[in-house]
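Structure record follows, encoded as C-alpha cells.
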Amino acid sequence: MPRHELLNDPDHTALLLVDIQPDFMNAGPLATADGDAIIPGVRELMQTPPCGILVATQDWHPAGHISFASSHEGHDPFDTIELHGHDQVLWPDHCVQGTAGAELAPSLPWDHVDLILRKGCDPQVDSYSGFRNNWGPDGQRPATGLAGYLRERGVHTVLVCGLARDVCVQWTAEDAVDAGFHTGFIWDLTRPVTHDNDDACRQALKSAGVHIMEAADLKA
Ligand code: VGL
Ligand code: ZN
C-alpha cells in the first residue's frame, strides 16, 4: 500500500507530539482513556519518523492556574464556567511547572525532537492548541509562534498525535488548518478525556478539513 498522500514530501512535513505527559496518562490526575496505549506506537514513529521535523508541545501551568477547579471556590473538576467571554472547563490540577507529571513522558526518546514548545504558562489564560492560546481578557487568541517556526522551516504539512484527542490534539489540528497547513490526525495515536466526544471530534475535524488517518497509513 502506498504511503498516505499527505506524506509525499517528508522534508516539508512536521510531526507534532501533543502533550504526551504523565498527568494525562493512566495514573495521572487528568487521565485520558488509556493514554498509555499510544506510547508504543508513538515511540515507533519517533524512532522512524515519517517526516523531517519533530515538534513536542508541553502543557506547562503555573501553580494556581485559572483552568484549575481548585482555583475557583465552590467548583469541581469538569464544571464549566465563563472565562473571558468563553466557556472554560475547570480541570483537576495538572501539568504544574517543574512537577514530575508535567515532564514529557519519560519512556519516550525526546532527544531527537527539534522543538519543545511550552504552553498554558499565562496564569490567567488556558492554552489547548500548540498554535494559539485560548481566549484572553482582550478577546484575542495570541499566537505561540509555532506557525512561524514551521513556515520558516518550509513546512506545509503537519501530522498530529498525542493527548488529549478531544482537547489539545483537536484544537492543535484545527488551528493548524487555520494557519494554512495540510493537516493529518493520527487517530489511533490519540486518546480522549472521554470517548463520549469521539463522534463530535471526528465530525469537527472533518468539517475543519483535517485528514483523519491511522498510524498504519504512514508506513511504506
Ligand atoms: C489538556 C485539558 C487541560 C490536553 C490540557 O492536553 O488535552 N486538556 N489541559
Ligand atoms: Zn492544561
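Nothing in this text is a laboratory measurement; each read-out follows from the coordinates by a stated rule. Note that the coordinates shown come from a computational prediction; the quantities given were computed from them, not determined experimentally. Note: ideal-geometry Cβ built from the backbone for every residue, glycine included; neighbour counts use all protein chains shown.
Per-residue extension of 0.36 nm, minus the Cα-Cα distance of ASP87 and HIS72, leaves a gain of 4.0 nm for this segment. Using the average count of surrounding beta-carbon atoms within 10 Å as a protection proxy, the listed peptides 101-114, 184-197, 28-41 rank, highest first, as 184-197, 28-41, 101-114. One decimal place: the segment GLU5-ASP34 gains 7.5 nm when fully extended, by the rule 0.36 nm per residue minus the C-alpha distance. Residues whose amide H comes within less than 5 Å of that of ALA56, counting only those at least five positions distant or on another chain, are LEU17, LEU115, ILE116, LEU117 (H built at 1.01 Å from N in the peptide plane). Remark: region 105-121, residue by residue, has Karplus-estimated 3J(HN,Hα) of 3, x, 7, 10, x, 7, 4, 8, 6, 6, 9, 10, 10, 8, 9, x, 7 Hz, where x stands for each Gly or Pro and the curve is 6.51 cos²θ - 1.76 cosθ + 1.60 at θ = phi - 60°. Amide H contacts of ARG132: THR144, each under 5 Å away and 5 or more positions distant or on a separate chain (H built 1.01 Å from N in the peptide plane; Pro and chain starts excluded). With the biggest extent put first, the Cα atoms of region 44-111 measure 47, 25, 16 Å across the principal axes. Quick check on region 1-117: take the gyration tensor over C-alpha atoms, sort the square-rooted eigenvalues as a ≥ b ≥ c, and tell me if it's rounded (a/c under 1.5), prolate or oblate. Taking the square roots of the gyration eigenvalues as a ≥ b ≥ c, region 1-117 is prolate.
Taken one residue at a time, the phi angles of region 208-214 give Karplus couplings (6.51, -1.76, 1.60, θ = phi - 60°) of 6, x, 7, 8, 8, 9, 10 Hz. Gly and Pro are set to x.
Indicate, rounded to the nearest 5 percent, the antiparallel portion of the DSSP beta bridges found entirely in the chain. Approximately 15 percent, going by the DSSP bridge assignments. Calculation over all alpha carbon pairs of region 128-215 in 5 angstrom steps from 0 returns a P(r) of 3, 15, 26, 24, 18, 10, 3, 0 percent. Taking max minus min of the alpha-carbon positions on each principal axis, region 1-62 gives extents of 39, 28, 18 Å, largest first. When the chain is treated as a Gaussian network with alpha carbon springs shorter than 10 Å, the biggest mean-square fluctuation among GLY209, GLY139, GLY148 belongs to GLY139.
Volume per residue for the chain equals 115 cubic angstrom (convex hull of Cα atoms). Under a 5 Å amide H cut-off, with hydrogens placed 1.01 Å from N, ASP188 pairs with ALA215 among residues at least 5 apart or on other chains. Volume of the convex hull of region 122-169 (Cα atoms only), normalised per residue: 92 Å³. Charge dipole (Cα centre; +1 on Lys/Arg Cβ, -1 on Asp/Glu Cβ; no other charges) of region 132-194 amounts to roughly 120 debye. Summarised as an ellipsoid, region 65-151 has semi-axes of 25, 19, 8 Å, derived from the eigenvalues of the Cα gyration tensor scaled by 5 and square-rooted, with the largest first.
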